[in-house]
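Please read the structure below before turning to the comments.
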Ligand code: RTP
Ligand code: MG
């Protein structure tokens, strides 16, 4: 089954909207298979956001991501990468459509509440950065037979 890496950023944790964000992913039909409340190390931020390290906004992005705990998660479901990106919405919350997490729950790019992998390759890379195989839990969502054709 397809997996995607999702992270509730420090602003989401500090604003007490962990549950609200997770509820949306659960309600959609995605299955949580790994989760961790943690402070991200500088080393992991550099690895996770490797594509952005040389960009002018990287220092503030790094400071933001390391400013408090994050909730790192892996969610499973058919086509989960694209589905979660759609639920998350545009990078700038001012452009994010109503109904999306950023559209409904955030104001600015530098505090946009949530990260989600942008491709299957990114998902595999990011999952390997943040989780060990032993941290995955296998179980069935009881509504699974009713979710898929
Ligand atoms: P993410 O990786 O966090 O899921 O966000 P994304 O794909 O929607 O956006 P991306 O281009 O990958 O940017 C990563 C994060 O860096 C911050 N950012 N700041 N000031 C800026 O111009 C700027 N651009 C990006 C945001 O926190 C963005 O989510
Ligand atoms: Mg990105």
Notebook entry, point to check: What's the number of the condition residue 36 fails, among (1) surrounded by fewer than 20 Cβ atoms within 10 Å (Cβ to Cβ); (2) under 24 Å from residue 149 (Cβ atoms)?
Noted result: (2)
Check: Among (1) farther than 15 Å from residue 1 by Cα; (2) modelled with pLDDT of 95 or more; (3) assigned to a helix (DSSP H, G or I), where does residue 134 come up short?
Finding: (2)
Notebook entry, point to check: Is it fair to say residue 87 is closer than 16 Å to residue 24 by Cα and within 15 Å of ligand 2 (Cβ to nearest atom)?
Noted result: yes
Check: When only residues in the stretch 105-126 that are in contact with a strand residue (DSSP E or B) (Cβ under 9 Å, 6 or more places away or on another chain), in a loop (DSSP other than H, G, I, E, B) and on the phi < 0 side of the Ramachandran plot count, which is farthest from ligand 1 (Cβ to nearest atom)?
Finding: 106
Checklist line | Criterion violated by residue 99 - all others in (1) away from ligand 2 (no atom under 16 Å from the Cβ); (2) outside any loop (DSSP other than H, G, I, E, B) satisfied | finding: (2)
Check: Which ones in the stretch 127-138 are in contact (Cβ under 8 Å) with a residue 40 or more places away in the chain and surrounded by fewer than 13 Cβ atoms within 10 Å (Cβ to Cβ)?
Finding: 137, 138
Margin query: So if I check each of 45, 70, which one is over 19 Å from residue 27 (Cβ atoms), in contact with a helix residue (DSSP H, G or I) (Cβ under 7 Å, 6 or more places away or on another chain) and touching a residue at least 24 places away in the same chain (Cβ under 8 Å)?
Written below: 70
Next item on the list: May I ask you to list the residues in the stretch 116-132 that are near ligand 2 (Cβ under 10 Å from one of its atoms) and over 17 Å from residue 42 (Cα atoms)?
Entry: 116, 117, 118, 119, 122
Next item on the list: Kindly state which helices (runs of 4 or more DSSP H) lie completely within the stretch 1-91 and contain at least 1 residues that are closer than 23 Å to residue 119 by Cβ and away from ligand 1 (no atom under 11 Å from the Cβ).
Entry: 10-14, 18-28, 42-48, 80-88
Notebook entry, point to check: Name the pairs whose Cβ atoms lie under 7 Å apart, with the first residue in the stretch 106-126 and over 12 Å from residue 85 (Cα atoms), the second within 12 Å of ligand 2 (Cβ to nearest atom) and assigned to a strand (DSSP E or B), and 6 or more positions between them or separate chains?
Noted result: 126/5
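The values are calculated or read from the model by the stated rules, or taken from the named source; none is laboratory data. Computed from a predicted model, the values in this text were never measured in an experiment. Every residue, glycine as well, gets a Cβ built from its backbone with ideal geometry; the counts of neighbours run over all protein chains shown.
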